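Working notes, beginning with the structure itself.
The values are calculated or read from the model by the stated rules, or taken from the named source; none is laboratory data. Please read all numbers here as calculations on a predicted model, not as lab measurements. Ideal geometry is used to build each Cβ from the backbone, glycine not excepted, and the neighbour counts take in all protein chains shown.
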Amino acid sequence: MIHDAQIDQAAATALFDASGERHERRGRGAIGVVETSCGRCVIRHYRRGGLIARLSRDWFVWTGAEATRPFREFRTTQRLFVAGLPVPAVIAARFVRSGLGYRADLATREIAHARTLAERLSDASAAATIDWGALGTLISRFHAVGLWHADLNAHNILYGGEGHTFLIDFDRARFLAPLATKLQGNLDRLARSLRKLGHGDIVSSEAWTRLHRAYDAAIRAASAR
């Protein structure tokens, strides 16, 4: 287990053993929300998606502690947080060995009163207030530090109750060269997500154009520094 310096080992262990609210998320299991000494935390159990989930929903092959998905995501998210990027604060990560593999969990601080982009799009009044240009600028900030998000979709963009926007879920994310061309593939992934949710009209609308213009302008500015 690894954990943030603000809590000790015993408190970090208790996080994963606590019972709390359960919430379904994107059809891949549930997350738990628990009260802790450092506020409300979200506990996510790592699960597989796709066809391989039929063989094992939550078991991963062991290749060493530092290669485990929770440890990698903890360190990636912490690096982004320290750099001042809008991500949840990571609290702890653990794996539990199981034969030649492991199962795992990650704890992050809850973003209060949050709604995903997908949830806002399902509400006509909330959808009308989405600032697509600001979203393009937000994504560019992560690309400026070389962060490639493995699954940038409408469920992994979170709007907090105070008007701030966050990216979440950095499982399998990795750092490439800052502003690498491959990073722009994240925008294509987001577009596919919108189409899958029945919002493909956005991708061919002025809203998507505003997102791209803001993204491109921010990338040019970052390149000029």
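Considering segment 27-60 alone, what residues qualify as being surrounded by fewer than 14 Cβ atoms within 10 Å (Cβ to Cβ), at pLDDT below 80 and either among the acidic types (Asp, Glu) or touching a helix residue (DSSP H, G or I) at 6+ places or on another chain (Cβ under 9 Å) (or both)?
Residue satisfying the conditions is SER37 alone.
Given the conditions (1) closer than 30 Å to GLU66 by Cα; (2) touching a helix residue (DSSP H, G or I) at 6+ places or on another chain (Cβ under 7 Å); (3) among the aliphatic types (A, V, I, L, M), report the number of the one that VAL96 does not fulfil.
(2)
Could you tell me which of the residues ASP201, ASP151, ASP216, ASP188 is of a type in the set (D, E, K, R) and surrounded by 15 or more Cβ atoms within 10 Å (Cβ to Cβ)?
None of the others qualify; the one that does is ASP151.
When only residues in segment 13-26 that are part of a helix (DSSP H, G or I) and under 21 Å from the mean Cα position of the chain (by Cα) count, which is modelled with the highest pLDDT?
Ranking the candidates gives PHE16 first.
Looking at ALA207, ALA222, ALA150, which is the one that is in a helix (DSSP H, G or I) and modelled with pLDDT of 95 or more?
None of the other options fit; the residue is ALA207.
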